[in-house]
Amino acid sequence: LVLTGLPDPATAGVANDLIVTARDAFGNTATGYAGTVQFSSSDPQAVLPPAYTFQPSVDAGVHTFTGGVTFKTAGEQTLQATDGTITAGASVIVNPAAAAELRFTAQPSDALEGATIAPPVAVTAYDAFDNVATGFMGEVTVAIGTNPGSGVLTGTLQRAAVLGVATFDDLAIDEPGVGYTFVASASGLPD
């Protein structure tokens, strides 16, 4: 069995065509092949084609699975097809999809009034499949959400994301209070 047709790299969440070809020991297309092929992937979230039994009169050893494979986990992923006797494999790099949400990945910590919050606050963009959206380079803005001490947030309040992460290393609040929260926002993404 030979797997072809997958893009490399692929994008998380995009359905990709896949072609499975049965070949004989000499590399010729095995036009009489009638095996049942099943699929598996290293991507636990992947959407794979159902098992398929080749029909010699229709497939002649080659079958296209239109939109058959959707990877969802970024990184190097493998795909295997087997009929229980012979196995084929392919490896592709899966890139994250577009950013869908922001998360605080280095949470704001307690600090004295006016002192820089340490460690630096980090806001990371994620795609819809829980991958860091490394292609996101948008401007991320932080602000006070809950403001029990009527404080003012100082420092650089807007940063461009680098590989999906915006780091704020000079934030401080000028008034004491318990229960301050931060909100992160970026154009086109929910706060």
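The values are calculated or read from the model by the stated rules, or taken from the named source; none is laboratory data. No experiment lies behind these values; they were computed from the predicted model shown. A quick note on method: Cβ atoms are made from the backbone with ideal geometry, for glycine too, and the neighbour counts reach across all protein chains shown. For the accessible areas, the whole protein counts, side chains as well, though only heavy atoms, and no ligand, DNA or RNA atoms are used. Shrake-Rupley method; radii C 1.70, N 1.55, O 1.52, S 1.80 Å.
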With the convex hull built on the Cα atoms of the chain, state its orientation-averaged projected area in nm². 13.1 nm²
q = 0.16, 0.22 Å⁻¹, the range 53-94: log10 I(q)/I(0) [Debye, one scatterer per Cα]: -0.57, -0.90
Using the per-residue mean of other Cβ atoms lying within 10 Å as a proxy for protection, in what order, highest first, do the peptides 58-65, 162-169 fall? 162-169, 58-65
At a 1.4 Å probe, what is the % contribution of carbon and sulfur to the accessible area of the range 70-150? 53 percent
FRET efficiency for Asp110 and Thr78, using Cβ-Cβ distance with R0 set to 45 Å, rounded to 0.05: 0.50
Spelling out what I want: for every residue of the range 5-16, take phi, set θ = phi - 60°, compute 6.51 cos²θ - 1.76 cosθ + 1.60 (Karplus), and round to whole Hz; glycine and proline get x. x, 6, x, 9, x, 9, 10, 3, x, 9, 6, 10
How large are Rg and Dmax for the range 107-160 when only the alpha carbon atoms are used, in Å? 13.6, 38
Given a 1.4 angstrom probe, I'd like the percentage of the accessible area of the range 1-51 that is carbon and sulfur, rounded to a whole number. 53 percent
For the range 42-150, just list the percent of Cα-Cα distances falling in each 10 Å bin from zero outward, please. 11, 28, 21, 16, 11, 7, 4, 1
Each residue of the range 32-37 in turn: what ³J(HN,Hα) in whole Hz from Karplus with 6.51, -1.76, 1.60 and θ = phi - 60°, glycine and Pro shown as x? x, 4, 9, x, 9, 9
Radius ratio Rg over Rh of the range 20-62, counting only Cα atoms, Kirkwood formula for Rh: 1.07
Here the net charge surrounding Arg103, from other residues whose Cβ is less than 14 Å away from its Cβ (Lys, Arg +1; Asp, Glu -1), is -4
Reduced to Cα centres, the span from the range 115-191 to the range 55-102 in Å works out to 38 Å
For the range 14-101, how big is Rg over Rh, using alpha carbon atoms and the Kirkwood form of Rh? 1.03
Around Gly135, which amide H atoms from residues at least 5 apart in sequence, or from another chain, sit under 5 Å from its own amide H, with H modelled in the peptide plane? none
CD proxy, 222 nm, the chain: helix-only mean residue ellipticity via -39,500 (n - 2.57) per DSSP H run with n ≥ 4, per residue, nearest 500, stands at -500 deg cm²/dmol
Once you place label points 7 Å from the Cα toward the Cβ at Leu163 and Asn28, how far apart are they in nm? 5.1 nm
Solvent-accessible area per residue for the chain at a 1.4 Å probe radius, Å²? 51 Å²
